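Below is one structure, written out as structure tokens; comments come after it.
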Ligand code: RAM
């Protein structure tokens, strides 16, 4: 009986959902502007070009640069609750030579410190102290980007992402002496080495350790930068290390995890790359992979896996879809590569179809409820206003692309649509008493909404200044959780003309990570909440994360 009632409820629910989506679709701005022909023309081009896009991605495959780096010391990790980040500090425990050429027995362990964060392959050499070693040597390695990973145990991990992302390994070595290169790539500064088992009577030892680094960033091409002070130098250095270690055969989001290409991360990495390493081919390859793995409906990939051959990842984020055109526009402006921009133009236009479906005929974005709206990892954030603004931002980028590619006539509907969406934002989402944008049915106030509305140019410059000043005073506002959203706050402060404020904000937020010992910038950071994790497990967070690398972009583009 209960089962039957439940299935009736389910059917009613499905009918309701279908009705609502039909309602939204038939009342969408996309239908009001009769854009179907434009989008189906793009679809034909996408279908014709998709295969060649993956070929072009392959042709733009970068070479990886290597360097051999040796550890700088042996450290111990000590509990330092309440003082050090995540309660662990490292203390120098000796020179690397202190663990070389001496006998080791089961249970012995030490931690190598490479002095900085690297992405690459770890190698070590073993020797026999008592010749010959008559049993395999069984070793455990744990790789850590931050001290907590070599301090805390992985055994209690129960986060929402697979345990297999945690970087540990058990290796058996049959023949000693031998140099062993671990096949898997790791992202780390620290390596904990523990002897699990070895010959009962014959001792072995270590003679050498190194990492063979991997990156498609070329240090010789790095543009010079003169910092104004020590803090700027540090912010630039840590940003560059973050970017460098994420630059592999695509722009990865994190070399520890997810080791894959995400559109939203790519956009920010590419911006930082244009003013630093200038690897245009890597952006081109990344764009072509996302394009070549677009789905049957012509939706660009939100994320893609590279190997064994590029495929679309399962997730689709509406705001990332909207950000394809701005990413392509940035690429065109930085590289002047019109050929690629022309080639990918149909895909940039086509993305508008997916996002405009959820804008009603009054020009207002309505959350369809069946899309992943990202913006930030703040779970309490209402996304309506930010999404609304990002769609405008996307429309404007398509319009600018059209100007640069001489295709204005193809998207002549955009100016009117932008002005309708701006009016809808002001009439529905602007609270003139507060001088702030609100979002959703509960009229939520957030840094995200103000920042994206300013970046989309919805406001007059006076209003932009007003809302960025007001949000600072509004203590109950929803705040950013990730450097990704903090980036957009800094960009919005810049856009509103608050250059000094923007730099101070950046110094304060990213500077705090440096003060807490960051070698690379972290995926998630809320001061005072060291264990915060979107995946319910701080050990699985990425501590060298793509979207966090942008202080170098701000420092190098802010000319004052
Ligand atoms: C995570 C990664 C990635 C981000 C997505 C939304 O899996 O951190 O960087 O783009 O979420």
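Let me confirm something: among 296, 350, 309, which residue is farther than 28 Å from residue 447 by Cα, over 22 Å from the mean Cα position of the chain (by Cα) and outside any helix (DSSP H, G or I)?
296
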Answer yes or no as to whether residue 273 is touching a helix residue (DSSP H, G or I) at 6+ places or on another chain (Cβ under 8 Å), buried (at least 17 other Cβ atoms within 10 Å of the Cβ) and farther than 23 Å from residue 390 by Cβ. no
Kindly establish whether residue 235 is more than 16 Å from the ligand (Cβ to nearest atom) and not in a loop (DSSP other than H, G, I, E, B). yes
Output yes when any residue across the range 514-523 is touching a strand residue (DSSP E or B) at 6+ places or on another chain (Cβ under 7 Å), modelled with pLDDT of 95 or more and within 16 Å of the ligand (Cβ to nearest atom), and no when none is. yes
Condition test on residue 205, is it more than 17 Å from residue 69 (Cβ to Cβ) and either assigned to a loop (DSSP other than H, G, I, E, B) or within 16 Å of the ligand (Cβ to nearest atom) (or both)? no
Per the filter on the range 355-378, residues more than 22 Å from residue 476 (Cβ to Cβ) and within 16 Å of the ligand (Cβ to nearest atom) are 371, 372, 374
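Under the condition of being outside any loop (DSSP other than H, G, I, E, B) and on the phi > 0 side of the Ramachandran plot, which residue from the range 74-110 is nearest to the chain's Cα centre (by Cα)?
86
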Here is a list of conditions, (1) under 29 Å from the mean Cα position of the chain (by Cα); (2) at positive phi, and residue 436 meets all of them except one; can you say which number that is? (2)
For residue 304, work out the one condition from (1) surrounded by 19 or more Cβ atoms within 10 Å (Cβ to Cβ); (2) farther than 28 Å from residue 414 by Cα; (3) away from the ligand (no atom under 16 Å from the Cβ) it doesn't fulfil. (3)
Answer residue from the range 240-255, given it is away from the ligand (no atom under 16 Å from the Cβ) and under 24 Å from residue 72 (Cβ atoms) and is surrounded by the fewest Cβ atoms within 10 Å (Cβ to Cβ) among those: 240
In the range 189-200, anything over 18 Å from residue 93 (Cβ atoms) and crowded, with 20+ Cβ neighbours inside 10 Å is listed as 198
Out of 323, 395, 347, 381, sole residue that is within 16 Å of the ligand (Cβ to nearest atom) and within 21 Å of residue 301 (Cα to Cα): 323
Residue list for the range 534-557, filter: away from the ligand (no atom under 11 Å from the Cβ) and closer than 21 Å to residue 257 by Cα: 536, 537, 538, 539, 543, 544, 549, 550
Please note which helices (runs of 4 or more DSSP H) are completely contained in the range 402-484 and include at least 1 residues that are within 16 Å of the ligand (Cβ to nearest atom). 447-455
Of residues in the range 288-301 being in contact (Cβ under 8 Å) with a residue 60 or more places away in the chain and under 17 Å from residue 345 (Cβ atoms), the one farthest from the ligand (Cβ to nearest atom): 298
Would you check if residue 265 is assigned to a loop (DSSP other than H, G, I, E, B) and within 12 Å of the ligand (Cβ to nearest atom)? no
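The values are calculated or read from the model by the stated rules, or taken from the named source; none is laboratory data. Bear in mind the structure is a predicted one, so any value in this text is a computation, not a measurement. As a convention, Cβ positions derive from the backbone with ideal geometry for all residues, glycine included, and neighbour counts pool all protein chains shown.
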